[in-house]
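A.B. asks: Got a structure for you, questions after.
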Amino acid sequence: MKFSKTIFTLLLVAISTISCSSDDGTNGIDGVDGLAGAAGAAGATGTANVIYSAWITAPVAIAETIDGAPGMSTFINAPQLSEDILAKGTILVYMSFGSGTFTLPYTSNAGGTTNTITAISTAKKIKLFRFTHSGVGTVNLPTSLSWRYILIPGGVAAATAKTAKLDYSKMSYEEVCAHFNIQQ
């Protein structure tokens, strides 16, 4: 009797296993997809991929001649300024002093002569150079000036044709900060 109970139990387990296969039943017909939702509002322009510095001061300027023009030069470190950004991106440099914020190159009549402050970018460094238009004498770059750079990598895709045509060098500092949501 013990043997027949064991066989009966094994037979019962085998039958229930076979009869409960996953092939039982018929799947229903898939329903129709719903309508697509309305497009969302455009997001605010962000600073993804855009790199900007704090306002920084530069070391004391030294006399230097660049391309035959005597002037005064100093530098600011820009550790994230890469060869790729130099080749494909946009580099904006700003100067700030008592009367406002100005985009480089900046031309003025400081020191009684027309002169220009320009930025010369290399990997990890931006040289600031001030030269006179007459080529005579120099005008200092005081350490009281503050500098800021904004690096826009070349891989930043334009969202629309309108933004693709932007020339950041022609925009004011305030416009660039507003466009990239950068705190001034």
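A.B. asks: What is the fewest-to-most order of ARG130, ARG148 by other Cβ atoms lying within 10 Å of their Cβ? Don't skip to the end; give the middle numbers.
C.D. replies: Details: ARG130 24, ARG148 20.
Final ranking by Cβ density, sparse to dense: ARG148, ARG130.
A.B. asks: Could you work out how far apart the two model spin labels at ASP167 and ASN77 are, taking each label as a point 7 Å from the Cα in the direction of the beta carbon, and quote it in nm?
C.D. replies: It works out to 3.5 nm between the two label points.
A.B. asks: Continuing with this model, one more query. Roughly how large, in nm² to one decimal, is the mean projection of the convex hull of the alpha-carbon atoms in region 51-180? Provide the component values of the computation, followed by the final result.
C.D. replies: Working: hull surface 33.6 nm².
It is 8.4 nm².
A.B. asks: Once the piece of chain linking GLU175 and VAL60 is laid out straight, how much longer is it, given 0.36 nm per residue of separation minus the C-alpha distance between them? Don't skip to the end; give the middle numbers.
C.D. replies: Working: separation 115, 0.36 × 115 = 41.40 nm, distance 3.02 nm.
The GLU175-VAL60 span can extend by a further 38.4 nm.
A.B. asks: Lys/Arg Cβ at +1, Asp/Glu Cβ at -1, dipole of region 51-180 taken about the Cα centre: which of VAL136, GLY154, GLN80 is farthest positive-ward?
C.D. replies: About the Cα centre, the residue reaching furthest to the positive side is GLY154.
A.B. asks: In addition: All other residues with a Cβ under 13 Å from the Cβ of ASN77 taken together, and with Lys, Arg as +1 and Asp, Glu as -1, what is their net charge? Present the calculation step by step, with values, prior to reporting the outcome.
C.D. replies: On the way: positive: LYS124, LYS125, LYS127, ARG148; negative: none.
Computed value for this residue: +4.
A.B. asks: List every residue whose amide H lies under 5 Å from the amide H of LEU81, counting only residues 5 or more places away in sequence or on a different chain, with H placed 1.01 Å from N in the peptide plane.
C.D. replies: For LEU81, the qualifying residues are LYS124.
A.B. asks: So how far apart, in nm, are the two label points at ALA123 and ALA110 if each is 7 Å from Cα heading toward Cβ?
C.D. replies: 3.1
All of the numbers you see were taken from the coordinates with simple rules; none came from a lab. Remember, predicted model here, so these are calculated numbers, not experimental data. Don't worry about glycine lacking a Cβ; one is built from the backbone with ideal geometry, like all the others, and counts go over all protein chains shown.
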